[in-house]
Amino acid sequence: MRDRIQTRCLSSDIGRVRRYYRECRSSIGGQVNDHSERPTILMVHGAFSGGWAFEKFKPFFEARGYRCLTPDLRYHDARPNHAPNPKLGQTSLRDYLHDLRQQIDALDAQPVLMGHSMGGLLCQMLAARGYGKAMLLLAPSPPAGILPSTPFEFFSSASIWASGVGWGQTVMPDYHIASQHSLDHLPRPDRHRILARLVPESGCAMHEILCWALDPNNTARVDSRKVKIPVLAVAGGKDPINPPATVRQIARRYGRKGKFRNFHGCSHWLIEGPRWHEIAEFCAEWLDDQPELALQAAE
């Protein structure tokens, strides 16, 4: 008991040291932009989108001294309204994971993992394989084994199976679903701007996420016991795609390492919208409070 109390106190003290260090640097020379003092953040986008989805978060965290990588997942660099790569439909989550692992292996140190929606699931898969210093999950897709928490979520899973879209087929963006259930809290011009950039997605990956019980390879499985890094799982209170109850289950999977935060009134597209800056600030403050990252910045 005494050891646990001492550990909590040490973590709190380190967080305060880091904040003090940052404030001192800011007061002397303005905002901190020395990337050597911060880890890299690997920002992994969700389905039907690309690295551009983090166009708000990337400059926000870069201004705080982080180097931010926003790669496009395999075959997601296609131009909207153009024919997708014929191999896209058969692309598995394992293929996305392979590419992300290669990118991390090329870095000098482990990055912070940040993922939105499907990207959040990919980050969990990475962490279970020993990657990352910390993990930020924004409206993340759940790993295999977590059941839908709402009727909408259940029927979303059932609909792709019932739609006739095969595991190896390409799934085209559904602009109505995206507009009504993901981008619904954005102003109309921003909504149309994002809709115009959506790209096709892999039917294989969608089935692996939504129909994990039918996947013989159990691709979306995450062994939470192997995740050794701190986890922040953020939900939008009005998100029908990955609702708060589901995101809370994800955080609970990681025990004491997991923290859950619900931003009431927000929908699925947390990375842009009326409260995106508040969400980014909360994530940045959470990173500041992580002992491992605090020690790195203070060196």
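Any read-out appearing in this document is the output of simple, stated calculations on the displayed coordinates, not a laboratory observation. From a predicted model like this one, the values you see are computed outputs, not experimental measurements. Note that we place each Cβ from the backbone using ideal geometry, even for glycine, and neighbour counts take in every protein chain shown.
Could you tell me how far the Cα centroid of the range 232-248 sits from the Cα centroid of the range 73-114, in Å?
Answer, in whole Å: 24.
Report, to two decimal places, the Cα Rg of the range 93-196 normalised by 2.2 N^0.38 Å (N = number of residues).
1.26
If the viscosity is 0.890 mPa s and the temperature 25 °C, what translational diffusion coefficient in µm²/s does Stokes-Einstein give for the range 188-228 when Rh comes from Kirkwood over Cα pairs?
It diffuses with D of about 190 µm²/s by this estimate.
Please provide three numbers in whole Å: the alpha-carbon extents of the range 57-103 along the principal axes, with the largest listed first.
For the range 57-103, the Cα extents along the three principal axes come out at 40, 27, 12 Å.
Using the Cα atoms as the points, what is the convex hull volume per residue of the range 32-280 in Å³? Spell out each step's value before the answer.
Details: hull volume 29.9 nm³, N = 249.
Considering the Cα atoms of the range 32-280, their hull volume per residue is 120 Å³.
Which of Trp167, Trp52 comes first, and how do the rest follow, when ranked by fewest Cβ neighbours within 10 Å?
Numbers: Trp167 17, Trp52 14.
Exposure proxy ranking, most exposed first: Trp52, Trp167.
Is there a pair in Lys228/Lys257; Lys133/Lys238; Lys133/Lys226; Lys58/Lys257 whose C-alpha atoms are over 18 Å apart, and which pairs would that be?
Lys133/Lys238; Lys58/Lys257
To the nearest 20 Debye, how big is the dipole of the range 32-280 about its Cα centre, given +1 on the beta carbon of each Lys and Arg and -1 on that of each Asp and Glu?
It works out to roughly 740 debye.
Compute the length gained on full extension between Asp223 and Gln102: take 0.36 nm times their separation in residues and subtract their Cα-Cα distance, giving the result in nm to one decimal.
This chain segment gains 41.5 nm when fully extended.
With N set to the residue count of the range 195-299, report its C-alpha Rg divided by 2.2 N^0.38 Å to two decimal places.
The reported ratio for this selection is 1.27.
Quick check: convex hull over the Cα atoms of the range 38-174, volume per residue in Å³, rounded to an integer?
Hull volume normalised by residue count: 127 Å³.
Using mean Cβ contacts within 10 Å as the protection proxy, how do 175-184, 203-212, 260-269 order, highest first? Could the numbers behind the result be given before it?
Numbers: 175-184: 17.1, 203-212: 22.2, 260-269: 19.3.
Output ranking for 175-184, 203-212, 260-269: 203-212, 260-269, 175-184.
Taking 0.36 nm per residue of sequence separation and subtracting the Cα-Cα distance, how much length would be gained by fully extending the chain between Gln90 and Arg188, in nm to one decimal?
The span from Gln90 to Arg188 would gain 31.9 nm if fully extended.
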